[in-house]
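Everything below concerns the one structure shown next.
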Amino acid sequence: MSATTLHLDLPELPEAAEQLRREVRAFVAEERAAGHLPPPEKIGLGFDVATTKRIAAKGWIGLTWPKQYGGGERTALERYVMNEELLAAALPVGAHWVADRQSGPVLLKFGSETQKAFYLPKIVAGDCYFCIGMSEPESGSDLASLKARAEKVEGGWRINGRKIWTTNAHRVHYMIALVRTSTVEGSRHAGLSQLIVDLTLPGVTISPIISMAGEHDFNEVLMEDVFVPDDALIGQEGNGWNQVSAELAYERSGPERWLSSFRLISELIDTLGPDARPSSLEELGRLLSHLLALRQLSMSVASMIQRGLSPNLEAAIVKDLGTKFEQEAVRVVRNIVSSEDLTANGRNARLRGLLAHAQVYAPAFTIRGGTNEILRGIIARGIGLR
Amino acid sequence: MSENRAFFRETVERILADTLDQNAIEATERRAFPAALYAALAENGVTQMLVPEDKGGIGADIGDAVAILRAMGAAAAPGPIVETLLGYKLLAEAGIDPVEGLIALAFAEDGATTLHDLPWGGLADHILIVTPTGLRLSAAADWTVTPSLDAADEPRDTLTNGPTSPVTPCDTSAALRTAAILRAGQILGAIEWTLARSIDYAGERKQFGREISKFQVIQQMLAELADHMLASAVLTEAAAESLTTPMIAAARSRLGDAADAAITTAHQVHGAMGFSREYALNHRTRRLMAWRDDYDSVLAWRRALAGAFVGCTREGFWPAVSDAGLRAAG
């Protein structure tokens, strides 16, 4: 790979995707009318089991998965269109998000037949949620240095260790934990494995971590002599690093990387009205050009996934650009609010509240799911620099 | 996408390899027209590629033209290529008889008799002016030329005392959008070359006993430039297919940021070497400076893009965004 091969094909959205877009918009309108959208001053993926159940009833969880596990056997581009519509409307899709985006696809790719038959239909029904157990107190960007261990015992594995920043661990059913199961001389990446941990098991202690935005999304998950059976192992013992790497294209390229603060821009546009100053239009136009570019990038990556490719380089680029865009959006909205004097004297409380929340939320954008500096290291390798 | 696109691009890349080297680029900096390049382009039908087939052209689409302009931008090819491609297309579509020779293309007000900073104005045979009411074609010999140069040292002449020629109706805003997306192809090509050369240079240049590509700070800079390149490439390609105002405006706005980043990062990675006239980088970066604000400035396109969305309600904004790439009716 080098700069000369860094190229994405333009996807053509099939008619089925546009049909699905109309269905999702109708659903969003119903949800809005029924008052099911989250409070207007909040950004981020809301967590709401009732919303997840209504989305599941539409058949929209596991949309691309095989029918034998309850999936819809639709294309990755259709899934992309569904997700951008749900996220742009800020529907609280957080309960099933990780299972649908990441855990399910990992099970489909590496899991045993028993695992697939057990977990996937429950995920599709909106009854089974997952979280990601990767980071540890001493292992953030340097993930391969992780210390949580699973030791082989009769009939299964005994896990000891501590996972941190596990989003939603306090309200989901399972965690896929990346742990060390063997030591291989000369390789830090070998000897890691993925294990499914039922979060209700004895020995699991979940403690809240309150974010600087004042919210409880993160947790620390302590595992003390937690026993999981043999069939909790996903794929091959020792192959965890490769399996995790395969997940990352799903995690990094989706529209949630540039739509999580979208309602802030919508609110600004609504408040601003048609008569904006030229300088505001210039700032806003620049921001919108980045938004439209990200949308094209995300669609192109979805079409690569559709064709069975693993666009890890391109996905890293989407996340680097998308998360910087989200921080830039906060800066641009703040500047336009100030220059147009939109929120003085208690006016436009909704925009004011949303901006206040987005501002304290924004530092997380370029950290969660891998810092941008680490992503740029991946990009640098992809273009032949290291 | 047109099935001939790869063929068009290969043809132009071969012509560029045969007719353009650094000496030829530098010769144009002394107001010399790159005649060999344009003769080969004309001979292969490239200059007529946007003219409809029933008018004697190839009838290629805008996306095809953008693909060959990327190759020309990467090669720092000088000359009025956008003006030639678009000029012949506009004349043919307006039913004006074909002309022989070089066309300079101006966007100006009705009745303008002074044209400022007109690319290749003083070396052209014909002056084609796109005004709000239509096209005006005149002989270049009927104008008084005050020569000047742009950042790439290509001609940007001021023409005065022009004739008032008859007006033939045309879709003026479509002409401006087409000029903007064609220029976008050249800008993108120059950015792509600049990124690729900078990556290669970082692997060749050694300091502190190792290639500078081994330093994280260089890796981070070039990764960000790769971000810019890919984002503006997908947007330019999408805009060249949809041809809607929001998409073309978005492409030109995004390319403005990418061009700024390409100039800054490539020169920083190259150090003093890139600042020399002898090293090939400056031919691309000076063209990026010259092209970035052509056929409406980056800021004008940003105002146009935002203007397409202000006035939306909070619920109406997203549908407007997701429909921005859909081809306008008619």
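The values are calculated or read from the model by the stated rules, or taken from the named source; none is laboratory data. Since the model is a prediction, treat every value here as computed from it, not as a measurement. No Cβ is skipped: glycine too gets one built from the backbone with ideal geometry, and neighbour counts run over all protein chains shown.
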Worksheet item: Looking only at the stretch B:309-328, which residues are more than 7 Å from chain A (Cβ to nearest Cβ) and in a loop (DSSP other than H, G, I, E, B)?
Response: B:D323, B:G325, B:L326, B:R327, B:A328
Fill in: Of the criteria (1) buried (at least 19 other Cβ atoms within 10 Å of the Cβ); (2) within 14 Å of another protein chain (Cβ to nearest Cβ); (3) small (G, A, S), which one A:A358 fails
(2)
Worksheet item: Which numbered condition trips up B:I181, out of (1) closer than 22 Å to A:A316 by Cβ; (2) β-branched (V, I, T); (3) surrounded by 23 or more Cβ atoms within 10 Å (Cβ to Cβ)?
Response: (1)
Worksheet item: What residue, among those in the stretch A:244-298 that are more than 7 Å from chain B (Cβ to nearest Cβ), buried (at least 21 other Cβ atoms within 10 Å of the Cβ) and not in a helix (DSSP H, G or I), is modelled with the highest pLDDT?
Response: A:P255
Worksheet entry | Criterion violated by B:D200 - all others in (1) charged (D, E, K, R); (2) out of contact with any Asp or Glu (no Cβ under 9 Å at 6 or more places or on another chain); (3) closer than 21 Å to B:L105 by Cα satisfied | (3)
Practice prompt. Please determine, by comparing only the residues of the stretch B:185-221 that are farther than 26 Å from B:A71 by Cα and away from chain A (no Cβ under 11 Å), which one is surrounded by the most Cβ atoms within 10 Å (Cβ to Cβ).
Written response: B:R205
Item to complete: Return the residue satisfying two criteria in turn: it lies in the stretch A:314-355 and is of a type in the set (A, V, I, L, M, F, W, C) and surrounded by fewer than 17 Cβ atoms within 10 Å (Cβ to Cβ), and of such residues it is nearest to the chain's Cα centre (by Cα).
Response: A:A349
Practice prompt. Of all residues in the stretch B:111-150, count the ones that are of a type in the set (G, A, S), loosely packed, with under 15 Cβ neighbours inside 10 Å and part of a loop (DSSP other than H, G, I, E, B).
Written response: 2
Worksheet item: Can you name the residue in the stretch B:263-308 that is under 30 Å from B:E211 (Cβ atoms) and within 16 Å of the chain's Cα centre (by Cα) and, of all such residues, is farthest from the other protein chains (Cβ to nearest Cβ)?
Response: B:R286
Item to complete: Give, as residue ranges, the helices (runs of 4 or more DSSP H) completely inside the stretch B:189-299 that count at least 3 residues that are touching a helix residue (DSSP H, G or I) at 6+ places or on another chain (Cβ under 7 Å), small (G, A, S) and at pLDDT 95 or above.
Response: B:216-242, B:245-270
Worksheet entry | Residues within the stretch A:269-294 that are within 17 Å of B:A226 (Cα to Cα) and basic (K, R), tallied | 0
Discussion item. Restricting to the stretch B:1-18, count the residues that are surrounded by 15 or more Cβ atoms within 10 Å (Cβ to Cβ) and modelled with pLDDT of 95 or more.
Written reply: 7
Item to complete: Count, please, the residues in the stretch A:86-129 that happen to be free of Cβ contacts under 8 Å to residues at least 60 places away in the same chain, among the small types (G, A, S) and surrounded by fewer than 24 Cβ atoms within 10 Å (Cβ to Cβ).
Response: 1
Practice prompt. Report the residue count in the stretch A:228-243 for those that are modelled with pLDDT of 95 or more, surrounded by fewer than 16 Cβ atoms within 10 Å (Cβ to Cβ) and either part of a helix (DSSP H, G or I) or hydrophobic (A, V, I, L, M, F, W, C) (or both).
Written response: 2
Worksheet item: Residue check: is A:E314 at pLDDT 95 or above, within 11 Å of another protein chain (Cβ to nearest Cβ) and outside any loop (DSSP other than H, G, I, E, B)?
Response: no
Fill in: Single match in A:L309, A:L342 (criterion: away from chain B (no Cβ under 14 Å) and assigned to a loop (DSSP other than H, G, I, E, B))
A:L309
